[in-house]
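Have a look at the structure below, then the notes.
The values are calculated or read from the model by the stated rules, or taken from the named source; none is laboratory data. Because the structure is predicted, anything quoted here is derived from the model rather than measured. As a convention, Cβ positions derive from the backbone with ideal geometry for all residues, glycine included, and neighbour counts pool all protein chains shown.
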Amino acid sequence: MAREKPINWLSYLGIGLVVASYIGAIVNTFTIGKEIVWTNKKVIRICHWQLESGFREAVTGTIAAYEKLHPDVKIIQIPITDKAYRQFLITQLIGGTAPDLIEFGQLGAYGALDNVTARYFYPLGQYLKQPNEYNVGTNLEGVPWVHTFKHELEYNWDPNNLDYYSIGITGVSQRLAYNKQLMKAITGKETPPQTFREFIAFCKGVQHYADSTKQKIYPIAAARYQFEGIASDLGGALTRTIGLDSIDRNYNADGDPGIEGFTSWVEGKFSFASERAKAASELSKEIVPFLEPGFMARDRQDAAFSFAQQRAVIIPTWSWDMNSQVGQAKESGFDIGIMRFPLPDSTDAVYGKYVEGYAAESKSFDMPFAVCRFSQHPDIAIDFLRFYSSQKVAETFCKKIGWLCTVRGTENIDFMQGFEPSYKGYPNVGSSMTFGNETDNLSFQLRWEYFSGKTTFDSYVNSYSSKFLPVALKDCNSSLMTLRNSLPSAAQTISHLSLLHEISADTAQEAKVLLRLQNSVDGYAGYWASLQAFSYDFMNAMTQDNERTRAIKNELQYKMFRDDFVNVPPAPQGGKP
Amino acid sequence: MIERKRFSVREVFKHICILAVLFFSFFPLYVMFAISFKTNAQFAVNPLGFGLPLHFENWLVGWNIVRDYIFNTIFVAITSVVLTFCFTIPAAYFFARYKAPFSKFLWYFFLVLMLMPGVANLIPLFMIIKSMNLLNSLMALVVLGIAGGQVVQIYILRNFIEEIPKDLFDAAEIDGAGPIKQILTIVLPMSGSIVSTLAILQFIGVWNDFIMPMILIRDDKLLTLAAGLVKLDGEYVKLWGQMMAGYAISSIPLVLIFLFTMRLFVKGLSSGAVKG
Amino acid sequence: MIARIITRKRLVAYWYIYLLVLPSILIVSLFSYAPAISGIYHAFFRWNGDYINDFVGLANFAEAFQDPVLWGGFGLIGILVLFNIFKMIPSVLTAVVINRLKSEKAAYVYKVLFVVPMIIPGMVSLLIWKFFFDSNAGMLNLLLHKTGIMQLLCSVDSFFHWGIFVAGINPIWLGDTNLIIPSLIFWGFPWVGVVGVLIYLAGLQNIDQSIYEAADLDGISSFQKLLRIEFPLIMSQVRINLVMMIIGTLQDYALILVLFGKEAGPNGKAMVPGLYMFINAFVNQRAGYACAIGIIMFAFILILTEINNRLVTVDK
């Protein structure tokens, strides 16, 4: 074995490069470390999955403004893709390294959310009763924090843990965006179609125009994502009575039928085959021929891309997508108009008798932030939330990101004009019976076969009804697995007690609070009852002495606790909100 | 005459075959470079060619995006490569030079790990890193790099050291040199190519690792390259030009290292590493 | 080198040699053995990685053996391995052709050129390929349209009624359940790996040019040369690469995770066991079940390695 050949100049250069880059790396690592680890400042991290254009810059702006007020605080922003968000959060929560402020969502494994909520996040109710000091000098001065929001954080109320765990300042609504120039070129009119039948005629006109000019233009740009939006908008206009009468058992109007719907289905209160449900499905199906072909397999960005490339006249868009849409339209040189999906009117031969008008728009997707229990400085995190939701800051922030602002007394950016959500009426509860992976898959598969025209409504409903029960039970069982440990914890008990306190102290709010309390407790108990009734696993376990039966004991204790509540004088006029 | 002609036709045919394969291999690289100078609008008009004007600022933006990722990766890669050798060369020397009680047992202790797939112990590994308080720190990646490199390196280095003539060690021992001195004066000078081959292989491994940084690192600024690039890919509005510039920049360090050490690498691959 | 024998008696004087290997043992115990043992232990628990940790016996394994997703994943691995075997051929052929070149200079230049595109980081080439497959901006659809192959595919499609390729619509390679597996197979075209080529070349270097000349005189065809002269020389390398490839395919899931996300594409069509383990651990919070899947994968790898060892010894 001979010694190696002496290394040549090339290798010296290589080694030199390696050493130089290593020195660079060490310097860089130290700079980063100094910035975020070995710093005297109090470091707060905020993570979210909003990668829409302009959002991160807006957060950076708010952070800079806050840091200017509080020079001893440093806030680090951690944006995560929505696809990776759940994995990121669960990993960080298990690891105990979760950021201080977390965009609240994607955490629930269909039912585990309550568990996760109380375990990992601070209840915020006590702070929300105090005025937000950053509102001093505005018309919101002295107003309790919770009342500074247009929707009073109704969705952020956690009925199972009886407290607020998150705060959001933006609202959401869904509209149709149309390409003004293209619409004029095709129809000769500037105004969009006003009624459902006009809309259908318009779509046919677009197809005709595309055929005669040999252009690739479709009436509506869509992916599955956009189609589901249309379906819920149209369906919601027809099926609210179903939701009101037979699905929303706990009256929390959360727009998520889930296990409540399953319970109703088992009891026979809800059927997939009702006339109303059929009308709603057929109505959505009427739109399918006008969507871009192959939409079911596409990403939502693909649809936005087609619209930006002027290959479609209309795109269903949510308020949070509008900023990107407007930007891309500007690049391609066209203007965007906003309209609401026209509903069939009451004189419509087919749908007229079912139409109930637009559903109340969701208060839900308001990008809420929650404070994590792993936070080293929860007080600062909460203070930052106060700052972020104060009138002026929130308005600037929402204008920057081009979203709807839900803080009272704020104005929206111009292109949000047509998006102002209407919270009037009862929301669309929806009738998609999904509460786990199995039911999700079944629903996707059957619905798609139906909407693509492979099956009729009747055979769709038949196969749904025959396949639903085993699949639903499977999902029930897996929720039960995760729910077992989500029985009332100390934090929940505290929140119950604080609620009792609130009832006795504030007589004006009493009725509302009590109703809320009953709703949530009923919902919780109903949820458990349905699980107990339909999970064989659970029934069998009742006879044994193991952890599971101990869990039931806990549950019974909880119910006793609940009875104490209900003995508080009943609400003057109970009813649906 | 005819014979020679057929001969060269065949030769030309070989060249054409290789060039065709090369063309397809280079195509992604070409696309990466071509797009890295374009805006999205230019890309929509002319996806394949080089469109004027060239947007060099894409590279500046790309550099700002991937700079921290690259430095972090270099830090993790080089630190872990150097430390790994501090561990593996003495261990390989032990196995090659001595036949002591338990040495056989210890040898199998290491060999068994070759069969152990990395995937099975991902979650417990995460827990161990958590209990060592190393989550969200580059040291976690360094430590995992060191641990991951042990078995293969000890195996290959042992084979290599066993081929060094015994006389050299004996002579050194007579001069009173201990194991460490023998490693420094005899093993190291002779194992340039094998060590650099192993170093490069490990370097590439760290450079491409994506799962571990993804679950261990929280802060954006501490991410390593592969995980950072995946993050970049998750953008809703994709500015292809900047992304491709970022990709190109992240390729450069590896290409440079490879070019400078290719002679050693090819030699190392053909001698020791293959047998493993 | 002949090893020095240290007997038990001489250990007193030579105890310090164990210090040479001690650090390695410690680090391997901590980061390889401890997690492995803990993984096996937790496979018998309903464990969410955090606060839920109940002993469930073999329930996780029982569930795994009946889990259609997991076995579907192994099925997909089988398909991928099968095609990966074919995808090894280009590397072998490329090495053979380069080796057969008369001009050594040209051979060297080609070697260097082959190295360049293949040492760009794996993640970069993965993401570029992902971009290739993009249905709107991607190169693949563009090339298919420009070369007219798309029209051909559409007419074939309308003949067989697949409903995959329809005129005027860009096929969604990574989103259409019918196209996912073909996309994964096409992945990485022209399937020439630099390490593979270099290893084969190293094996082929032992062939003297004179052997080729003698073969030419005997009138042996190129194909026979490949079978008789070249292939036997690189047989052992091919076999090693084959085993590495199979184990690699079985273990790897970063590709699927990056391409298709944690759902592994529509309907989980691209789900592989590794990814299934990963999402059970870090998305579904079922770490115990994930450990059980990991052990099943480990068993598969052990069996494959054992089969390979048997085959190798039989051949010798």
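Could you tell me which residue of the stretch A:209-226 is surrounded by the fewest Cβ atoms within 10 Å (Cβ to Cβ), considering only residues that are of a type outside the set (Val, Ile, Thr) and out of contact with any helix residue (DSSP H, G or I) (no Cβ under 6 Å at 6 or more places or on another chain)?
A:Lys214
Quick one: which residue in C:Ile229, C:Ile256 is within 13 Å of chain B (Cβ to nearest Cβ), surrounded by 15 or more Cβ atoms within 10 Å (Cβ to Cβ), of a type in the set (A, V, I, L, M) and free of Cβ contacts under 8 Å to residues at least 24 places away in the same chain?
On the way: C:Ile229 fails: within 13 Å of chain B (Cβ to nearest Cβ).
Checking each option against the conditions leaves just C:Ile256.
Which of the residues belonging to the stretch A:33-57 are under 28 Å from the mean Cα position of the chain (by Cα) and not aliphatic (A, V, I, L, M)?
Listed by number, the residues that qualify are A:Arg45, A:Cys47, A:His48, A:Trp49, A:Gln50, A:Glu52, A:Ser53, A:Gly54, A:Phe55, A:Arg56, A:Glu57.
Quick check on my filter: what residues within the stretch B:24-62 are hydroxyl-bearing (Ser, Thr, Tyr) and at the interface with chain A (Cβ under 10 Å from one of its Cβ atoms)? Before the answer, list the steps.
Initially, the stretch B:24-62 is screened for residues hydroxyl-bearing (Ser, Thr, Tyr), giving B:25, B:30, B:36, B:39.
Result: B:Thr39, single match.
Yes or no, residue by residue, for (1) more than 7 Å from every other protein chain (Cβ to nearest Cβ); (2) surrounded by fewer than 16 Cβ atoms within 10 Å (Cβ to Cβ):
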position	(1), (2)
C:Tyr18	yes, no
C:Ser24	no, no
C:Phe45	yes, no
C:Ile52	no, no
C:Gln66	yes, yes
C:Met88	yes, no
C:Val97	no, no
C:Leu101	no, no
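Inspect the stretch B:227-241 for any residue being in contact (Cβ under 8 Å) with a residue 12 or more places away in the chain and touching a Cys at 6+ places or on another chain (Cβ under 9 Å) and give the result as yes or no.
No, there is no match, as no residue in the stretch B:227-241 is in contact (Cβ under 8 Å) with a residue 12 or more places away in the chain and touching a Cys at 6+ places or on another chain (Cβ under 9 Å).
List the number of the failed condition for A:Thr62; all other conditions in (1) part of a helix (DSSP H, G or I); (2) within 27 Å of the chain's Cα centre (by Cα); (3) facing chain B (nearest Cβ under 10 Å) hold.
Every condition holds for A:Thr62 apart from (3).
Starting from the stretch A:212-227, take each residue that is closer than 15 Å to A:Phe444 by Cβ and list its partners that are of a type outside the set (A, V, I, L, M) and assigned to a loop (DSSP other than H, G, I, E, B), counting only C-beta distances under 8 angstrom and pairs at least six apart or across chains.
Close Cβ pairs (under 8 Å, with a partner that is of a type outside the set (A, V, I, L, M) and assigned to a loop (DSSP other than H, G, I, E, B)) amount to A:Ala223/A:Arg298; A:Ala223/A:Asp299; A:Arg224/A:Arg298; A:Tyr225/A:Asp299.
Restricting attention to the stretch A:415-435, does a residue exist that is of a type in the set (Val, Ile, Thr), touching a Cys at 6+ places or on another chain (Cβ under 8 Å) and buried (at least 16 other Cβ atoms within 10 Å of the Cβ)?
no
Could you please let me know if C:Tyr14 is within 10 Å of chain B (Cβ to nearest Cβ) and closer than 23 Å to B:Phe126 by Cα? Steps first, answer last, please.
Working: within 10 Å of chain B (Cβ to nearest Cβ): yes; closer than 23 Å to B:Phe126 by Cα: no.
In short, no.
Select the helices (runs of 4 or more DSSP H) contained entirely in the stretch C:165-220, then report the ones holding at least 3 residues which are at the interface with chain B (Cβ under 10 Å from one of its Cβ atoms). Give the steps one after another, and end with the answer.
Values: elements: C:180-186, C:194-204, C:209-217.
By residue number, C:194-204.
Please work out which residue is nearest to the chain's Cα centre (by Cα), limiting yourself to the stretch C:236-249 and to residues that are among the aliphatic types (A, V, I, L, M) and more than 8 Å from chain B (Cβ to nearest Cβ).
Per the stated criteria, the residue is C:Met245.
Which residues, taken from the stretch A:114-143, are among the polar types (S, T, N, Q) and part of a helix (DSSP H, G or I)? Walk me through it before giving the result.
Kept after step one, since they are among the polar types (S, T, N, Q), are these residues of the stretch A:114-143: A:115, A:117, A:126, A:130, A:132, A:135, A:138-139.
Correct list: A:Asn115, A:Thr117, A:Gln126, A:Asn135.
Residues of the stretch C:283-307 being facing another protein chain (nearest Cβ under 7 Å), in contact (Cβ under 8 Å) with a residue 40 or more places away in the chain and closer than 17 Å to C:Asn60 by Cα, which ones?
C:Gln285, C:Ala287, C:Cys291, C:Gly294, C:Ile295, C:Met297
Anything in the stretch A:216-239 that is within 18 Å of A:Glu198 (Cα to Cα), aliphatic (A, V, I, L, M) and either assigned to a helix (DSSP H, G or I) or touching a Ser or Thr at 6+ places or on another chain (Cβ under 7 Å) (or both)? List them, or say none.
A:Ile230, A:Leu234, A:Ala237
Could you tell me whether C:Lys105 is surrounded by fewer than 21 Cβ atoms within 10 Å (Cβ to Cβ), more than 11 Å from chain B (Cβ to nearest Cβ) and either outside any loop (DSSP other than H, G, I, E, B) or of a type in the set (A, V, I, L, M, F, W, C) (or both)? So that I can check it myself, show each step before the final result.
Working: surrounded by fewer than 21 Cβ atoms within 10 Å (Cβ to Cβ): yes; more than 11 Å from chain B (Cβ to nearest Cβ): yes; either outside any loop (DSSP other than H, G, I, E, B) or of a type in the set (A, V, I, L, M, F, W, C) (or both): yes.
So C:Lys105 passes the test.
For the stretch A:311-337, give me each residue that is touching a Leu at 6+ places or on another chain (Cβ under 6 Å) and either within 14 Å of chain C (Cβ to nearest Cβ) or among the β-branched types (Val, Ile, Thr) (or both).
Across the stretch A:311-337, the qualifying residues are A:Val313, A:Ile314.
When you check A:Glu154 against the structure, is it under 30 Å from the mean Cα position of the chain (by Cα), part of a loop (DSSP other than H, G, I, E, B) and acidic (Asp, Glu), yes or no?
yes
Can you name the condition, by its number, that B:Ile65 falls short on among (1) closer than 30 Å to C:Pro190 by Cα; (2) in a helix (DSSP H, G or I); (3) away from every other protein chain (no Cβ under 11 Å)?
So B:Ile65 meets the others, but not (1).
Kindly check whether there is at least one residue in the stretch C:35-43 that is within 7 Å of chain B (Cβ to nearest Cβ) and within 30 Å of B:Leu168 (Cβ to Cβ).
Within the stretch C:35-43, not a single residue is within 7 Å of chain B (Cβ to nearest Cβ) and within 30 Å of B:Leu168 (Cβ to Cβ).
Working only within the stretch C:7-57, note down all residues that are of a type in the set (Val, Ile, Thr), assigned to a helix (DSSP H, G or I) and modelled with pLDDT under 85.
Hits for the stretch C:7-57 are C:Val12, C:Ile17.
Just to be sure, is A:Asp321 modelled with pLDDT of 85 or more and of a type in the set (Asp, Glu)?
no
Could you check the stretch B:15-73 and list, in sequence order, the residues that are of a type in the set (Val, Ile, Thr) and touching a helix residue (DSSP H, G or I) at 6+ places or on another chain (Cβ under 8 Å)? Break it down stepwise before answering.
So the first thing to find is which residues in the stretch B:15-73 are of a type in the set (Val, Ile, Thr), and the list is B:16, B:18, B:21, B:31, B:35, B:39, B:45, B:61, B:65-66, B:70, B:73.
Those that are of a type in the set (Val, Ile, Thr) and touching a helix residue (DSSP H, G or I) at 6+ places or on another chain (Cβ under 8 Å): B:Ile18, B:Val21, B:Val31, B:Ile35, B:Thr39, B:Val61, B:Ile65, B:Val66, B:Ile70, B:Thr73.
Across the stretch B:226-252, what is the number of residues that are in a helix (DSSP H, G or I) and more than 22 Å from A:Gly95 (Cα to Cα)? Break it down into steps so the answer makes sense when it comes.
The first filter runs over the stretch B:226-252 and keeps only residues in a helix (DSSP H, G or I), leaving B:226-233, B:240-252.
Checking the rest, the ones that are also more than 22 Å from A:Gly95 (Cα to Cα) come to B:229, B:232-233, B:240-252.
Residues meeting the conditions: 16.
Residues to consider are A:Lys83, A:Lys34, A:Lys68; find the one that is farther than 30 Å from A:Asn323 by Cβ, part of a helix (DSSP H, G or I) and charged (D, E, K, R). Steps first, answer last, please.
On the way: A:Lys83 fails: farther than 30 Å from A:Asn323 by Cβ; A:Lys68 fails: farther than 30 Å from A:Asn323 by Cβ.
Step by step, each of A:Lys83, A:Lys34, A:Lys68 is checked, and only A:Lys34 is farther than 30 Å from A:Asn323 by Cβ, part of a helix (DSSP H, G or I) and charged (D, E, K, R).
Does at least one position in the stretch C:69-90 carry a residue that is part of a helix (DSSP H, G or I), closer than 22 Å to C:Gln251 by Cα and more than 21 Å from the chain's Cα centre (by Cα)?
no
Using the structure shown, decide if A:Lys83 is within 14 Å of chain B (Cβ to nearest Cβ), on the phi < 0 side of the Ramachandran plot and free of Cβ contacts under 8 Å to residues at least 24 places away in the same chain.
So A:Lys83 fits the description; yes.
For the stretch B:2-15, state whether one or more residues are without any contact (Cβ under 8 Å) to a residue 12 or more places away in the chain, within 30 Å of A:Ser332 (Cα to Cα) and not basic (Lys, Arg).
no
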